[in-house]
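One structure below.
The values are calculated or read from the model by the stated rules, or taken from the named source; none is laboratory data. Note that the structure is a prediction, hence the values are computed from the model and not measured. Reconstructed Cβ throughout: ideal geometry from the backbone, glycine too, with neighbour counts over all protein chains shown.
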Amino acid sequence: MQVYLVGTDSVHATAAVCDYLERRGAGDGKEIEVIVVAASGDEGGHRVGDGEEPSERDAREALNVARVRLPFVDPLRTEYRDAALAPALAEVAAEHEVDEVIVGRTTASSEAEANGDGSTGAGSVVDSVLEGTSRPVVVVPVPDATAESEANSESESESETETE
């Protein structure tokens, strides 16, 4: 059985990883296990906020996306952690026999961090995951939600103008 460990902090990242798993044939009767870990802590691994913060709500909603998008996966485990994502993934990978770690990378975060300081340019979470695990890591591109919503707003405005 192939065991995938998914790290996420947003619905967009979870959706991108689910697309990746589907392209890999996850729904074609293969025996797989998926462990989805969502986290909303800060870089020091400390809890952020009172549980009603947007980052925690986003992380918990990301787990719901996995449950909806991966109904064919059995077992599917979802865990929420009050910690930074990279240390949470390292901990879960150590607890289970994980074959592959999958994380999302937003274009905006990678462009902002590709500054020649020795980082991969894939984002601080991806860099931390790569440093914190001995398992293979797959980085899935995640569409920038802000750019996507702006593009949708512009196309809606254009269609409204055309219909007038």
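For Ala122, which of the numbered conditions (1) at pLDDT 85 or above; (2) farther than 20 Å from Ile32 by Cα fails to hold?
(1)
Is there a residue being at pLDDT 85 or above, touching a Phe, Trp or Tyr at 6+ places or on another chain (Cβ under 9 Å) and assigned to a loop (DSSP other than H, G, I, E, B) anywhere in the stretch 85-104?
yes
Inside the stretch 126-144, can you point out the residues that are among the hydrophobic types (A, V, I, L, M, F, W, C) and either in a helix (DSSP H, G or I) or within 14 Å of Glu100 (Cα to Cα) (or both)? Lay out the reasoning, then the answer.
Within the stretch 126-144, the subset among the hydrophobic types (A, V, I, L, M, F, W, C) is 126, 129-130, 137-140, 142.
Within the stretch 126-144, Val126, Val129, Leu130, Val137, Val138, Val139, Val140 qualify.
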